[in-house]
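The values are calculated or read from the model by the stated rules, or taken from the named source; none is laboratory data. On a predicted model such as this, the values are computed, not experimentally measured, just so you know. Note that each Cβ is placed from the backbone with ideal geometry, even for glycine, and that neighbours are counted across all protein chains shown.
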Amino acid sequence: MNVYGEDKALKKVYEKLFRYEKESRIKVKRSEDYEVVEAVFDKPTLMTLYSIMNAGIFDYLNGVVSTGKEARVYWGVKGDKDVAVKIYYTVTSSFKNRIMYMIGDPRFVSFKKTSRGLTEVWAKKEFKNLKQAYDAGVRVPKPIYVKSNVLVMEFIGENGRPAPLLAESIVSQRDYYEILEMVKKLYKKANIVHADLSEYNIFKYRGKLILFDFGSGVDIAHPEALEFLIRDINNINRFFLKRGLKVKDARQILREVVGD
C-alpha cells in the first residue's frame, strides 16, 4: 500500500497526523519519512492513529525519537505537553520470538497467533505492565492510551529529545541499590518481572532512574518468571561491575526480591 499513490484520503490522514517544525532538533525530513511509510504506516495503523488523534489523546506527531526491531517511537504533541507514541510494526519476525513471554502469563490466556494479533497483544501487554508498575510507585513512563498497535505514554526528555540512557550516564553505587529496590517493588507490589532489564532500558533523567520498555514483562505467575528475574539481576550486576562498582551476590538479591 502506497500512501502517496492513488489513495488521496490516506494521504490527507497522514498530512493531518504529522507536523514538522523547522527549528526542531529532532526533525525528520519529509522525504525520509515517506520512505518508511509503507513499513510503519499501513492503512490500519494510519486509521488507528487518526482515531487516537480525534479522541484528543494527541494533536500531531512531530518526528522520530527512536527506532527498534519491534517498534518506532514518535514525538507526539498534546497542547503544550509532549507524549511518546510507540508504533509497533505489524509485520516483523521478532514477534514470533516473543510468544514465550505471553504463553503462561495468566493475564493473556487467549490471543491470535498472527503477526498483527501478536503485535496488538504486545502493545496491550506493555500498557498493562506500565500501568501495574506506575500504580505500584515504580518510576516508569506514565501509560496514557493503547489501541491496536499504538501505545501512547509520558515522554521522558525535553523538546523531543529523549532522556539519556543509563548506559550513557555516569553511575553511582546509589543508582545500583535504587535499581534493585525498583526490581523488588516490581515483583512484590506490581506482581511483574521486567524480563528485559538492562542499562539500555533505564533512563537517567535529572538524577532519577526511570525503567522503560516493558513489552517483555511477565506476571510473577509465569512459569519462567524466576528465570527472567535472574537474568535481569545478572544484567544489572554485570553493568555495574564493568563500571567498577560493588555488586551483591545474585542469589542474595533473588532471595531479597522474592522472599517474605
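Out of 189, 124, report the one residue that is within 23 Å of residue 225 (Cβ to Cβ), over 16 Å from the mean Cα position of the chain (by Cα) and among the basic types (Lys, Arg).
On the way: 124 fails: over 16 Å from the mean Cα position of the chain (by Cα).
After applying the criteria, what remains is 189.
State all residues of the stretch 142-200 that are among the β-branched types (Val, Ile, Thr) and surrounded by fewer than 17 Cβ atoms within 10 Å (Cβ to Cβ); if no residue qualifies, say none. Steps first, please.
Of the stretch 142-200, the ones among the β-branched types (Val, Ile, Thr) are 144, 146, 150, 152, 156, 170-171, 179, 183, 192-193.
Passing the criteria: only 170.
Give the residue that is surrounded by the fewest Cβ atoms within 10 Å (Cβ to Cβ), with candidates limited to residues of the stretch 105-126 that are out of contact with any Lys or Arg (no Cβ under 7 Å at 6 or more places or on another chain) and closer than 17 Å to residue 187 by Cα.
By that ranking, first place goes to 106.
For the stretch 172-199, how many residues are of a type outside the set (S, T, N, Q) and out of contact with any helix residue (DSSP H, G or I) (no Cβ under 7 Å at 6 or more places or on another chain)? Walk me through how you get there before you give the answer.
Going residue by residue through the stretch 172-199, those that are of a type outside the set (S, T, N, Q) are 174-190, 192-197, 199.
When the remaining residues are screened for being out of contact with any helix residue (DSSP H, G or I) (no Cβ under 7 Å at 6 or more places or on another chain), the result is 174-175, 177-178, 181-182, 185, 188-189, 196.
Counting residues in the stretch 172-199 that are of a type outside the set (S, T, N, Q) and out of contact with any helix residue (DSSP H, G or I) (no Cβ under 7 Å at 6 or more places or on another chain) gives 10.
So which residues in the stretch 63-89 are charged (D, E, K, R), modelled with pLDDT of 90 or more and surrounded by fewer than 23 Cβ atoms within 10 Å (Cβ to Cβ), if there are any at all? Talk me through it step by step, then tell me what you get.
The first filter runs over the stretch 63-89 and keeps only residues charged (D, E, K, R), leaving 69-70, 72, 78, 80-82, 86.
Checking which are modelled with pLDDT of 90 or more leaves us with 72, 78, 80-82, 86.
If the condition is that a residue be charged (D, E, K, R), modelled with pLDDT of 90 or more and surrounded by fewer than 23 Cβ atoms within 10 Å (Cβ to Cβ), then 72, 78, 80, 81, 82 are the ones that fit.
In the stretch 90-127, which residue that is closer than 23 Å to residue 17 by Cα and of a type in the set (Ser, Thr, Tyr) is modelled with the highest pLDDT?
Pass one, the stretch 90-127, residues closer than 23 Å to residue 17 by Cα: 90-91, 116, 119-120, 123-124, 127.
From the residues that got through so far, the ones that are of a type in the set (Ser, Thr, Tyr) too are 90, 119.
Details: 90: 82, 119: 88.
It comes out as 119.
Of all residues in the stretch 90-118, which are among the hydroxyl-bearing types (Ser, Thr, Tyr), in contact with an Asp or Glu (Cβ under 9 Å, 6 or more places away or on another chain) and farther than 17 Å from residue 196 by Cβ?
90
Could you check how many residues of the stretch 175-191 are under 17 Å from residue 238 (Cα atoms) and of a type in the set (S, T, N, Q)?
Selection size over the stretch 175-191: 0.
Of all residues in the stretch 220-258, which are over 16 Å from residue 198 (Cα atoms) and not aliphatic (A, V, I, L, M)?
222, 223, 224, 244, 246, 248, 249, 251, 252, 255, 256
Given 139, 116, which one is part of a helix (DSSP H, G or I), in contact with a helix residue (DSSP H, G or I) (Cβ under 9 Å, 6 or more places away or on another chain) and charged (D, E, K, R)?
Residue meeting the stated conditions: 116.
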